[in-house]
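Values quoted throughout were computed directly from the atomic coordinates according to the rules given, and no laboratory measurement underlies them. Given the structure is predicted, the values throughout are model-derived calculations rather than measurements. Glycine gets a Cβ as well: all are built from the backbone with ideal geometry, and neighbour counts include every protein chain shown.
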Amino acid sequence: MSWEAWLTLAVVAVAVVLLARDLVAPAVTFMGAVVILLVAGVVTPGQAFQGFANPAPITVAALYVLARAVEKTGALQPIVRATLGAGRSVRLALLRLTVPVAAASAFLNNTPIIAMLAPQVDEWADRRGDSASRYLMPLSFAAILGGMTTLIGTSTNLVVSGLLETEGYEPFTMFELTRIALPIALVGLAINAFAAPNLLPDRLPPRQEARSGGRSFSVRMIVEPGGPLDGHPVSHAQQLLPENARIVYFERDAEGAGQIAPDKVLKGGDFLTLLGDTEAVLGLHDISGLASAQQPHLPYEFRSPRHACFEAVVATESPLVGHTLVDVSFLARYQATVLAIHRSGEPVRGHLARTPLKPGDTLLVIADRGFGERWRDRDDFALMSLLGAPSPEPTRNAWIVLAIGAAIVLGAALDILPILHFSLLGALALVGLGILTPNEAKDSIDFDVIVVIGAAFGLAAAVEFSGLGEAAARVVAEGFGRFGAQGAMAGIVILTVALSSIITNNAAAALVLPIAISTGAGFGIDVRTVAVAVALSASASFMTPVAYQTNLMVYGLGGYRFGDYARLGTPLTLVVLVVVLAAMVPG
């Protein structure tokens, strides 16, 4: 390989490590990689930044605006009410829930769909005395499956289409991927409904889980000196706690920290770590003799109508990841106080404010009622829900939003104008009609995603023009080519799925496509066949909670463990592999 290829390989490898370990934000990682390759002369300025002139990132930005309008107007609420039935069959309930979600995700950004549905599904399952973990992961997977089926169903399809256009080929049409993706989606939905109850661990209902150490929040309290608990054993204190709360850990200056025995006598100033559901955590603040360790940071009269309780899930790209609440000055930054933290698989022991946060951590937050709107469209939180909030009713603008969405889909499908033109006209109409304010439209766009997409084109150009793509294709051909064209394509699909499990699926598609095109050329496989295979396998984000945004959104809410995703995700990934190979590679 040339020195340009070796340098590109080194830059790509470092970028993958940074992304996989969440050390640097994806947008910074990709732009940094492109700038290094530009300065080194591997790519020209035109090649490095060609993605920002490509229709793909602009189309994605416009579709974010449409998705925000759907969320704001409650346009999908009639579907939500229809899907959450009252039957007792888990499998029938999963079908009622996942099929409409997949259908909606074929035409709308799936992130706001899951943001609207997940809290409602959680409450619905609780009312049934059921566990939300039976439904939330299949819900996320259904949204991913539906997004595969059309050009606008996921940004990954738009990215691959844009890369094709850059290479001089025709972009994907609206339903070009449907022929292959629809069978994948249908089989995947069947697995979701009929196999998920057996493949996913049997979780207890939320109230029982709080008692058994499942999905519960860790909260830190202090024993008030001279209060009713000072001088009494733990067993006595436990009797005064809410039913769903239990003491698991304590700290005393003279004795350090550790587990706590029932006969341990409490003293004023002891810190207690307790586990409980949201209702129990709030109830602890009414126990005489106990005070929140966050008391100095709680707003006065935080139970007043001006304040509300939110559950906020830490996003993968959040500036909170790897930092403590103290590090980021949470109160000053967010005008909110964290009462408790839920972390899947383990209680959070010790000082909550000094515990480094992880993606998927769910924060129980007290703030003013404007907190949700202020931080809804930011990268800090993957999901935010107001506790006890009624389901929003569709507004009078809901049908206008649906009509605009339908016009975008039909206009692009009939090839009246390119999808870029229709999506921009739709976004302009939403602002012009006053359905969204200009600020709401701007805030709805995830600019980090747009930067990643734009920069990914530059990195893909470096892989191609440095010769790295051809070299990697030779490696794939030597490793998998002995099995013929099917083997070579299987190697491409496996590589893409593996990358999309640890970095963003847009990035995985952009990195693999030049390699895949070179590999396919060696076996006589059509470029469009290769591109469709890369697009679909990049979207197969089923194996880990961090593989896709919607997976992370339901991670804490469903009380899942990291390995739970592979249980249901493995057969879905195999479906993608088998269908792609069977449908796209001649025997």
ask   = If you find the alpha carbon centre of the range 437-499 and of the range 396-435, how far apart are they in angstrom?
value = 30
inquiry  = Projecting each Cα onto the charge dipole of the chain (Lys/Arg +1, Asp/Glu -1 at the beta carbon, about the Cα centre), which of Asn439, Leu108, Pro262 comes out farthest on the positive side?
reply    = Pro262
Whole-angstrom Cα spans of the chain along principal axes, big to small = 80, 55, 45
query = Which one of Ala332, Ala25, Thr496 is farthest out on the positive end of the charge dipole of the chain, using unit charges on Cβ (Lys, Arg +1; Asp, Glu -1) and the Cα centre as origin?
reply = Thr496
inquiry  = Distance between the C-alpha centers of the range 122-165 and the range 226-248? Whole Å please.
reply    = 43
remark   = Log10 I(q)/I(0) at q = 0.12, 0.22 Å⁻¹ for the range 96-208, from Debye over equal alpha-carbon scatterers, is -0.48, -1.12
query = Which of Leu145, Asn506, Val12 sits closest to the plus end of the dipole of the chain, meaning its Cα is farthest towards the positive end, when Lys and Arg get +1 and Asp and Glu get -1 on the C-beta?
reply = Leu145
ask   = How large is the Kirkwood hydrodynamic radius of the range 434-578, in angstrom, based on all distinct alpha carbon pairs?
value = 16.5
key: the range 1-42 and the range 517-539: distance between their alpha carbon centers, rounded to Å   = 24
request  = Pull up the cross-link candidates among the lysines for Lys442, meaning alpha carbon to alpha carbon under 30 Å and not fewer than 8 places away within one chain.
outcome  = Lys72, Lys358
task = State the extension gain, in nm to one decimal, for the chain segment bounded by Leu410 and Glu170, taking 0.36 nm per residue of separation less the distance between their alpha-carbons.
result = 84.5 nm
inquiry  = Using only the alpha-carbon atoms, what does the range 469-522 span along each of its principal axes? Please give whole angstrom values in decreasing order.
reply    = 30, 17, 13
query = In whole Å, what three semi-axes, largest first, describe the equivalent ellipsoid of the range 493-587 built from its Cα gyration tensor (square root of 5 times each eigenvalue)?
reply = 28, 14, 8
Full-extension gain in nm, Val17 to Leu186, via 0.36 nm per residue minus C-alpha separation = 57.4 nm
query = So what is the relative contact order of the range 89-157, in percent, for Cα pairs below 8 Å that sit 6 or more residues apart?
reply = 47
remark   = Cα pairs beyond 26 Å in the range 1-151, in percent, come to 48
key: Dipole in debye (nearest 20) - the chain, about Cα centre, beta carbon charges: Lys, Arg +1; Asp, Glu -1   = 980
request  = Find how much the distance from Ser89 to Leu417 grows on full extension, using 0.36 nm per residue of separation minus their present alpha carbon separation; answer in nm with one decimal.
outcome  = 113.6 nm
task = Express the C-alpha Rg of the range 360-478 as a ratio against the empirical globular expectation 2.2 N^0.38 Å, rounded to two decimals.
result = 1.55
remark   = Sorted on mean Cβ neighbours within 10 Å (highest first), peptides 533-545, 483-495 come out as 533-545, 483-495
